[in-house]
Amino acid sequence: MKQLLIILAFLVSACSGEADLRDYYYPIRDLTDGLIYEYENTGNFEPAPYEYWYYLGIDQDSALYLSSTRYAEATTPVQVTTDRVRNDGVYLQKLTLYPPDTGGVRQQVDATILYDRVFPFYPDDERASGYRVRFVPPSNPDAESYVSLNRYYRGDTILEVMGDEVDAVVFDLKGEVSLRDQREGDISPTYTGYEIYAKNLGLVEYVRDLGAGGVAGGRLRRRLTMEEFLGGEPAAPPGQDAAN
């Protein structure tokens, strides 16, 4: 279960007067060459000091997509996501996980997407925002895992990110990680938290309170090109954006 949480502690039209959050999602057209987002660990869930996500914007056949890869142990992928941008928000199109099997070897697992509206551009819309997925964990092929996350728009704020004050929006989170096992029985721990998305940056801070499992959290420290991430060039010091 802890391995599952580690992997996933992270997986209309506008009417007058409605909040418009399009500029607070990741700047996909500025990410066509790809960037690494380095998040400083602010929780106590796992010991790694930083978390790395690679974001790549894709403009294909008049549609916009964002590919997101989370890395562990520097360059080992543990989660790959493809989101599609539509007029009213962002929709989860594909989710691939790499959890370990009983021998500790990571295996590729494609999740079944049950609900896909992950980020709303107009949060006054009454439809739910979040996702729900199902997959079979390789460490227990007789079980099924379900993961859900719902986002609730709280409002706007201003905070400091990488040395600059930026406009941002806050979402409260509620989610569940369920394991259905015919032999061991079912468990469905829940979690809460929040996310902050900054204008023209995307996710800059998050907290997920996993109860007895601890707290997972991160804060954006810097952005890097892939070459910088792999050590080809020196990265910018903390507080500076290496991409600019």
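The values are calculated or read from the model by the stated rules, or taken from the named source; none is laboratory data. All values derive from a computational prediction rather than experimental measurement. Here Cβ is always computed from backbone atoms with ideal geometry, including for glycine, and neighbour counts include all displayed protein chains.
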Which residue, of 219, 154, 208, is touching a strand residue (DSSP E or B) at 6+ places or on another chain (Cβ under 6 Å), basic (Lys, Arg), farther than 24 Å from residue 50 by Cβ and surrounded by 13 or more Cβ atoms within 10 Å (Cβ to Cβ)? 154
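Kindly check whether there is at least one residue in region 135-144 that is closer than 24 Å to residue 67 by Cβ and surrounded by fewer than 20 Cβ atoms within 10 Å (Cβ to Cβ). Steps first, answer last, please.
At the first step, the residues of region 135-144 found to be closer than 24 Å to residue 67 by Cβ are 135-138.
Checking which are surrounded by fewer than 20 Cβ atoms within 10 Å (Cβ to Cβ) leaves us with 136, 138.
So far as region 135-144 goes, yes, one or more of its residues are closer than 24 Å to residue 67 by Cβ and surrounded by fewer than 20 Cβ atoms within 10 Å (Cβ to Cβ).
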Count, please, the residues in region 35-87 that happen to be surrounded by 17 or more Cβ atoms within 10 Å (Cβ to Cβ) and assigned to a loop (DSSP other than H, G, I, E, B). 2
Can residue 168 be described as part of a strand (DSSP E or B) and over 27 Å from residue 111 (Cα atoms)? yes
With the structure loaded, tell me whether residue 193 is in a strand (DSSP E or B), at positive phi, surrounded by 20 or more Cβ atoms within 10 Å (Cβ to Cβ) and modelled with pLDDT of 90 or more or whether it fails that test. yes
Note on residue 188: of the conditions (1) touching a Gly at 6+ places or on another chain (Cβ under 8 Å); (2) over 20 Å from residue 19 (Cβ atoms), unmet is (1)
Being crowded, with 16+ Cβ neighbours inside 10 Å, closer than 20 Å to residue 154 by Cα, in contact with a helix residue (DSSP H, G or I) (Cβ under 8 Å, 6 or more places away or on another chain) and modelled with pLDDT of 95 or more, is that true of even one residue in region 166-177? yes
Of the residues in region 77-129, how many are modelled with pLDDT of 95 or more, farther than 29 Å from residue 156 by Cβ and among the charged types (D, E, K, R)? 2
